[in-house]
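The values are calculated or read from the model by the stated rules, or taken from the named source; none is laboratory data. Bear in mind that the values here come from a model prediction, so they are computed numbers and not experimental data. Using ideal geometry, Cβ is built from the backbone for each residue, glycine included, and neighbour counts are taken over all protein chains shown. SASA here: full protein model, heavy atoms, side chains in, ligands and nucleic acids out. Shrake-Rupley method; radii C 1.70, N 1.55, O 1.52, S 1.80 Å.
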Amino acid sequence: MSQLKLIVCGLGLIGPRHAEQIAQNKETELIAFIDPSPKAQLIADQFNVPLYSSLTELLNAGLRPDAAYVCTPNALHVSVALELANESIHILVEKPISTKVEDAIALKDCVESKGVKLLVGHHRRFNPYILATKKHLSKLGAIIAVDGVWTLKKNDTYFKQVYWRNVKSLGGGPILINLVHDLDLLQYLMGPIKRVYAEKLSQHRDIVESDDPVDEGAVLTLSFKSGAKGTFIVSDNVISPFNFEMGTGENPLIPKVEDPTDGVFYRIFGTKGTLTVPDFHYYHQNDLKPGLEKGWWEPLHKTVLEKDISGIPFALQLDHFVKYVRGEEDAKCTITDGISALLVIEAIMESLESGAPRNVKSVSSFTSFLKNKDEDPIKSFL
């Protein structure tokens, strides 16, 4: 079978990392980049592939990709993906799929009508730590609650490099850039989130002035349709090891903690035990002697569960994307999944502004609302 011809649109932080995997994969051929920035030429030269300023320019040059990675700034995800879909080019679009739910649903309608395959780049679904977590959840019995955290400090240079990272409406800030990962993972592990309450953390960063400045984080409470509850702290302006990157070593630019216990980012509580991730400490009372009653009078046992943490998430995601485009596998993170995470983000944003809890809309109910918004008051979703 011939190699899948791929292009990468956007050469910021994430685009080159995807390009490395495409260039190394025997099933794919990296044929071009699209990025209007003059700085992108340096990266294109490193990969020895042509650079174009637009999809039109690329197509006029006689190139015809089978699929594309969309790695542009968040606010451009949908417009670039729509352009690709109109050319019947299959798509992997980075998370968040959009900064606006309405735009994401318009993209969903487009790709479905044209038969274009779209995978949302929530690559942590392919992370071996998450695959192992999902495998071991049944040991916990009924899941009662989850305690999650994503806290670290982004340096000032990160914000000075690119203006949009400082502007909330352009997709900047830890909620849309970082928290969306965990919201997708929590729903992947525990099912849909139905209600949220969020409070802003205090602001202490003053780098780039903006009329719509990003928040530095929030404290959340979450209610799942399963009945489970959750808490979550997200902040990008504290010194802390408690985050996915430092706990798993997923991002080579961010140092991994030496002791995985120092990087714990999830504690999942169940009727038969509690699991911490990424150290996979399983606290239980499965080994009590006959006749003894489980409970606080008896000692807990700690078992370190087995896990296979081999494999690079971006590489595993690419392998799946190739099989998905070829019709060999169903999508493991659909556009509906991407929209679902975005709807939780929207509810969090509404809660931050209103100071009150907010219900999370389902994809189907919001789609129906958009089609009948002249008749249906938006207050029905509050």
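Annotations for the structure displayed:
- Tally of residues being part of a loop (DSSP other than H, G, I, E, B) and either at pLDDT 95 or above or loosely packed, with under 12 Cβ neighbours inside 10 Å (or both) across the range 301-313: 4
- Selection status of SER226, surrounded by fewer than 21 Cβ atoms within 10 Å (Cβ to Cβ), among the hydroxyl-bearing types (Ser, Thr, Tyr) and out of contact with any strand residue (DSSP E or B) (no Cβ under 8 Å at 6 or more places or on another chain): no
- So LEU292, is it open to solvent by 70 Å² or more (accessible area, probe 1.4 Å) and either modelled with pLDDT under 95 or among the basic types (Lys, Arg) (or both): yes
- Counted as qualifying within the range 127-227 are the helices (runs of 4 or more DSSP H) with 3 or more residues that are touching a Ser or Thr at 6+ places or on another chain (Cβ under 8 Å), namely 180-190.
- Yes/no for VAL277 being under 17 Å from ILE130 (Cβ atoms), among the aliphatic types (A, V, I, L, M) and surrounded by 17 or more Cβ atoms within 10 Å (Cβ to Cβ): yes
- Matching strands (runs of 3 or more DSSP E) fully within the range 239-284 where at least 2 residues are at pLDDT 95 or above and among the polar types (S, T, N, Q): 273-277
- The residue that is farthest from SER169 (Cα to Cα), among those in the range 314-351 that are open to solvent by less than 10 Å² (accessible area, probe 1.4 Å) and among the β-branched types (Val, Ile, Thr), is VAL322.
- Residue in the range 128-144 that is buried (at least 17 other Cβ atoms within 10 Å of the Cβ) and of a type in the set (D, E, K, R) present: no
- Cβ-Cβ contacts under 6 Å between residues 6 or more apart (or on different chains), taken from a first residue in the range 35-59 that is in a loop (DSSP other than H, G, I, E, B) to a second residue that is open to solvent by 90 Å² or more (accessible area, probe 1.4 Å), are listed as SER53/PRO36.
- From the list SER210, SER226, the one residue that fits, being of a type in the set (Ser, Thr, Tyr) and over 26 Å from GLY141 (Cα atoms), is SER210.
- Annotation note: Cβ proximity below 8 Å between a residue of the range 331-359 that is more than 22 Å from PHE126 (Cα to Cα) and assigned to a loop (DSSP other than H, G, I, E, B) and a residue that is open to solvent by 40 Å² or more (accessible area, probe 1.4 Å) and of a type in the set (Asp, Glu) (sequence gap 6+ or interchain) occurs for GLY355/GLU199.
- For the range 125-150, a residue qualifies if it is closer than 14 Å to TYR266 by Cα and among the basic types (Lys, Arg), and exactly one does: LYS134.
- Single residue of VAL93, VAL116, VAL78, VAL111 found to be among the hydrophobic types (A, V, I, L, M, F, W, C) and in a loop (DSSP other than H, G, I, E, B): VAL116
- The lone criterion from (1) under 21 Å from GLY171 (Cα atoms); (2) surrounded by fewer than 20 Cβ atoms within 10 Å (Cβ to Cβ) left unmet by ASN60 is number (1).
- Residue within the range 187-208 that is surrounded by fewer than 20 Cβ atoms within 10 Å (Cβ to Cβ), among the small types (Gly, Ala, Ser), in contact with an Asp or Glu (Cβ under 9 Å, 6 or more places away or on another chain) and in the same structural domain as HIS136 (by the TED database) present: yes
- Selection count where residues are crowded, with 22+ Cβ neighbours inside 10 Å and within 20 Å of PRO313 (Cβ to Cβ), scope the range 22-50: 2
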